[in-house]
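The values are calculated or read from the model by the stated rules, or taken from the named source; none is laboratory data. Fair warning: this is a prediction, and the values are worked out from it, not measured in the lab. Here the Cβ is made from the backbone with ideal geometry for all residues, glycine too, and neighbour counts use every protein chain on show.
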Amino acid sequence: MNTRIPFILLAVIFCLSNYSLNAQEPQGYYSFDYMKVKPGMHDEYLKLEKAWKKIHQANIKAGKYTFWELTQVTYPSGANVEYNYVTRINFKGEKQLADYIQNWPSPDLKSILTPEELALVNRTSDIRTLVKSEVWTHEGMAAGKEIDKSKVVVFNYFDIPEGSTPSNHLRTELELWKPAHDARCQDSKMSGWVLVSKLLPYGTGNAYFNATVDLYADMEQYLTNMNPTPYFEKVHAGKDIEKLYAESGAAGNLLLASVRMVVDNSDNPDVTAGANK
């Protein structure tokens, strides 16, 4: 969903799958809009996103970007959470992103929306509050065979301890943790893992700089296999495990694991089940 004028800070990844990036493809970016929907407004909000889905599908068909997804935040939850829905748009390369930022690609809404849907879109700001937007850059990934069927998204936010740097944290994730996640995907313990660095906004006021995204087929797979340490120790057998844990901990500090359920995406013809009313 998007009702803002051109200067929007958005982005994401798309290539062989909705999460993957091939070395020969343009740089991928992740873009997220964080939404707050008040109690009693969830049904109307989901109808609104159904209308926006048509707009996104038209833009994707026109080559403006490549994918759109809506997730609902499962944890943390409660009346005082900052946001309870997150949307994602995927872009390939800086040119596609720049064109989007400079000129929000709005198709002829009357040609793709019903009068009722158009009325909903015109009330977007009344139905939900846009809390914030962020842009993330793709840094690496592990992919299972059914990564695009993931229903659970765990977004892990990291800050950088004193003495480390964002690039050092990315290195430890790729060198130490990616092999473990590759093995987990191979054994169907998770469906995918993505490493990202925050591009926008930036500066010393940032609470977090990098993130990992754990993808699971469903909540049961997540709850059963959420602990990666057995695979970490397996792939690094023969090494000083405690030293590796210390190196990883000194490079990045996990601030929050945000657990989200996929509600809908631009590839699905009609999916709204799973959202709490």
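In the range 84-93, the condition of being on the phi > 0 side of the Ramachandran plot and out of contact with any Ser or Thr (no Cβ under 7 Å at 6 or more places or on another chain) is met by at least one residue.
A single entry from Leu120, Leu176, Leu130, Leu170 fulfils the requirement of being more than 24 Å from Gly28 (Cβ to Cβ) and either surrounded by 14 or more Cβ atoms within 10 Å (Cβ to Cβ) or touching a Ser or Thr at 6+ places or on another chain (Cβ under 6 Å) (or both): Leu120.
Per-residue answers, yes or no, for (1) under 15 Å from Gln57 (Cα atoms); (2) modelled with pLDDT under 95:
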residue: Asn84; (1), (2): no, no
residue: Arg88; (1), (2): yes, no
residue: Phe91; (1), (2): yes, yes
residue: Leu97; (1), (2): no, yes
residue: Glu116; (1), (2): no, no
residue: Leu120; (1), (2): no, no
residue: Thr124; (1), (2): no, no
residue: Arg128; (1), (2): no, no
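Please find, within the range 230-257, the residue that is farthest from the chain's Cα centre (by Cα) out of those that are surrounded by fewer than 13 Cβ atoms within 10 Å (Cβ to Cβ) and in a loop (DSSP other than H, G, I, E, B). Among those residues, the one meeting the criterion is Gly238. Condition check: free of Cβ contacts under 8 Å to residues at least 60 places away in the same chain and under 25 Å from His56 (Cβ atoms). Does Ser191 satisfy that? Taking the combined requirement at face value, the residue satisfies it. Evaluate the following for Val121: is it under 22 Å from the mean Cα position of the chain (by Cα) and either touching a residue at least 60 places away in the same chain (Cβ under 8 Å) or under 18 Å from Asn253 (Cα atoms) (or both)? Answer is no for this residue.
One line per residue, one yes/no per condition, for (1) under 19 Å from Val73 (Cβ atoms); (2) modelled with pLDDT under 95:
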site	(1), (2)
Asn210	no, no
Asn227	no, no
Pro230	no, no
Gly252	no, no
Arg260	yes, no
Ala275	yes, yes
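Does Tyr202 meet the test of being at pLDDT 95 or above and closer than 18 Å to Tyr157 by Cβ? Considered against the rule, which asks whether it is at pLDDT 95 or above and closer than 18 Å to Tyr157 by Cβ, Tyr202 comes out as no. Can you pull out the residues in the range 179-194 that are polar (S, T, N, Q) and surrounded by fewer than 18 Cβ atoms within 10 Å (Cβ to Cβ)? Gln186, Ser188 - these are the residues of the range 179-194 that are polar (S, T, N, Q) and surrounded by fewer than 18 Cβ atoms within 10 Å (Cβ to Cβ).
Scanning the range 163-192 for residues that are assigned to a helix (DSSP H, G or I) and of a type in the set (S, T, N, Q) yields Ser167, Asn168, Thr172, Gln186.
Going through (1) of a type outside the set (Phe, Trp, Tyr); (2) modelled with pLDDT of 95 or more; (3) under 17 Å from the mean Cα position of the chain (by Cα); (4) within 19 Å of Lys151 (Cα to Cα) one by one, Asn18 falls short only on (2). So which residues in the range 193-214 are assigned to a strand (DSSP E or B) and among the hydrophobic types (A, V, I, L, M, F, W, C)? Result: Trp193, Val194, Leu195, Val196, Leu199, Leu200, Ala211, Val213. Could you check Met261 against (1) surrounded by 13 or more Cβ atoms within 10 Å (Cβ to Cβ); (2) in a loop (DSSP other than H, G, I, E, B) and say which number it fails? Failed condition: (2). Of the listed requirements (1) assigned by TED's automatic domain parsing to the domain that holds Phe67; (2) within 18 Å of Phe32 (Cα to Cα), Asn156 misses just one: (1). Among the residues of the range 54-71, those identified as within 23 Å of Leu215 (Cα to Cα) and surrounded by fewer than 22 Cβ atoms within 10 Å (Cβ to Cβ) are Thr66, Phe67. Only one of the listed residues (Ser150, Ser167, Ser111) is outside the structural domain of Glu247 (by TED's automatic domain parsing) and of a type in the set (Gly, Ala, Ser). That residue is Ser111. For Leu223, indicate whether it is more than 17 Å from the chain's Cα centre (by Cα), assigned by TED's automatic domain parsing to the domain that holds Arg171 and closer than 28 Å to Asp43 by Cα. Considered against the rule, which asks whether it is more than 17 Å from the chain's Cα centre (by Cα), assigned by TED's automatic domain parsing to the domain that holds Arg171 and closer than 28 Å to Asp43 by Cα, Leu223 comes out as yes.
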